[in-house]
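These notes are about the structure you will find just below.
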Amino acid sequence: MAKVVKFGGSSLASAEQFVKVGNIIKADKARKYVVPSAPGKRYSDDIKVTDMLYACYALAEEGKDFSGKLAEIKARYQEIIDGLKLDLSLEGEFKIIEKSFKEKAGKNYAASRGEFLNGIIMAAYIGYTFIDAAEVIFFDEKGLLDEEKTDRMLGERLAQCDCAVVPGFYGSTPDGKVKTFSRGGSDITGSIVAKAAKVDVYENWTDVSGILIADPRIIKNPEPIEVVTYKELRELAYMGFNVLHEDAIFPVRKQGIPINIKNTNKPEDNGTWIVGSTCQKSKYTVTGIAGKKGFCCVNIEKDMMNSEIGFGRKVLQAFEENGISFEHVPSGIDTLTVFVHQDEFMHKEQKVVAGLHRLAKPDSIEIESDLALIAVVGRGMKNESGTAGRIFSALAHARVNVRMIDQGSSEQNIIIGVANEDFETAIKAIYDIFVLTRL
């Protein structure tokens, strides 16, 4: 039995949190590979180390004195080292960082140092081998992860040691420069390590006891999700679930490695299991409810549209020519609607409209703004009749007008469009009917 354990920034924000993490790792001998994030906030008004590094490098980039900012970052790490009573000095590492900043090593390099330094401390604290992610995680010339090379090189390095710490969030390009994933990318590193080491479980430790059915900022004390499939989580993550980086799913999914979301501050909680497939039924019809505001829809009408071959392609080409991606494209016999992000579309709307007239020659075009999309996701939905009807009933009772409904072919996902101002009301109504009252 072997596990990868990834710890988020809040789990490693202070020496006190490090002790909790150390106890968690020592409690299970299977926890052989550790992926740490940079120190997060110690309290609500605190600053994450990654943000401190960005601010420090911004001064260096402008040719200004950044020694004060760098000293603050050094103090944050020294506070952790002193709190753990470690015989460890990062003086040499900070001299290299200072020199690299002066030489304009880049924002990616600057941001990556948070995980790099925390990895050194973690390895020293628990007695594991430290492996610099830049030596084992590789990006190609286009900036995309080189999966084959990474899997081979990382697998070989991990095979040479019983236990290892691999910092999250970054790797290197063919020219040897450091490159980072997007924010939250330590989750991806954890998946990459899990795949390369061929472990049995990938534990992702954070400050919540798993994934919740709905946003706790909207629903008070929402129920936790016990088991969620990769497909369900992909749908939910796309619509705003941010407990796990959505790109972290792919490496482990290919190997059938389950992910367990756990709480560093409540390690006894079961958390949420993310699996490829399961025979376990959901406690409720829906697994999760998520959504985003800030969409607009472009309604295109044309008589006999359904008999015109290539009409949809012509419509989407108008968006493609202007660099705008679409979210959903529900259609009828003589109508086709394209949902897009409002902030991307609003500055190019007239160019898109002109393109639509030129390419598709519609009878009319109408644009609606300030819309929200809500995803109701659940593997149990396809085996239960009347799910869409219950959603409509709940929204009607809450006096929410539905602008759009779109159900995927998998029958695990229903997308609802409502006005921005009805967003919270709609989520509360859907949660109530499926979880609280279960009518």
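The values are calculated or read from the model by the stated rules, or taken from the named source; none is laboratory data. Remember, it's a predicted structure, so these values are computed and weren't measured experimentally. Reconstructed Cβ throughout: ideal geometry from the backbone, glycine too, with neighbour counts over all protein chains shown. Each accessible area value is taken on the protein alone, full model and side chains, heavy atoms only, with ligands, DNA and RNA left out. Shrake-Rupley method; radii C 1.70, N 1.55, O 1.52, S 1.80 Å.
Treating each Cα of the stretch 257-328 as an identical point scatterer and summing with the Debye formula, the log10 of I(q)/I(0) at q = 0.12 Å⁻¹ comes to -0.70. For the stretch 27-136, the calculated P(r) over all alpha carbon pairs, in 10 Å bins from 0 to the bin holding the longest distance, is 13, 45, 32, 8, 1 percent.
If R0 is 22 Å, what FRET efficiency do you get for Lys142 and Arg183 from their C-beta distance, rounded to 0.05? Once the sixth-power term is evaluated, E becomes 0.60. A probe of 1.4 angstrom, applied to the heavy atoms of all protein chains, finds Val329 with accessible area near 50 square angstrom. Positive contributions from Lys and Arg (+1) and negative ones from Asp and Glu (-1), summed over other residues with Cβ under 13 Å from the Cβ of Cys163, come out at +4.
Here the average projected area of the convex hull drawn through the C-alpha atoms of the chain stands at 24.0 nm². Packing order of peptides 378-386, 343-351, highest average first: 378-386, 343-351 (average count of other Cβ atoms within 10 Å over each peptide's residues).
The alpha carbons of the stretch 375-417 occupy a box of 28, 17, 11 Å along the principal axes, longest dimension given first. Using the Cβ of Ala290 as centre and a radius below 9 Å, the other residues enclosed give a net charge of -1, where K and R count +1 and D and E count -1. Remark: for residue pairs Lys292/Lys348; Lys29/Lys179; Lys20/Lys281, the C-alpha separation exceeds 28 Å in Lys29/Lys179; Lys20/Lys281. Quote the Stokes-Einstein diffusion coefficient, in whole µm² s⁻¹, for the stretch 188-242, based on the Kirkwood radius over alpha carbon pairs, a temperature of 10 °C and a viscosity of 1.306 mPa s. Value of D from the Cα-based Kirkwood radius: 122 µm²/s. Anisotropy class assigned to the stretch 131-219 is oblate, per the alpha carbon gyration tensor with a/c at or over the 1.5 cut-off and a/b no larger than b/c. Packing around the peptides 12-18, 264-270, taken as the average count of other Cβ atoms within 10 Å per residue, puts them in this order, highest first: 12-18, 264-270. Computed from the Kirkwood radius of its Cα pairs, the Stokes-Einstein diffusion coefficient for the stretch 295-379 at 4 °C and 1.567 mPa s stands at 98 µm²/s. Measuring r between the beta carbons of Ala30 and Gln78 and using R0 = 30 Å, the FRET efficiency lands at 0.40. Compared with the dominant principal axis of the Cα atoms in the chain, helix 67-84 is inclined by about 70°. To the nearest ten degrees, helix 186-197 and the longest principal axis of the Cα atoms of the chain are 70 degrees apart. Computed packing ranks the peptides 394-407, 411-424, 109-122 as 109-122, 411-424, 394-407, most packed first, by mean other Cβ atoms within 10 Å.
Cross-link reach is defined here as a Cα-Cα straight distance under 19 Å, omitting same-chain residues fewer than 8 places apart; for Lys283 the lysines meeting it are Lys220, Lys231, Lys382, Lys428. The HN-Hα couplings worked out from phi for the stretch 350-366 by the Karplus form 6.51 cos²θ - 1.76 cosθ + 1.60 (θ = phi - 60°) are 6, 5, 5, 4, 4, x, 5, 5, 5, 8, 9, 6, x, 6, 7, 9, 10 Hz, whole numbers, x standing for Gly and Pro. FRET efficiency for the pair Glu308 and Val402, taken as 1/(1 + (r/R0)^6) with r the Cβ-Cβ distance and R0 = 41 Å, rounds to 0.90.
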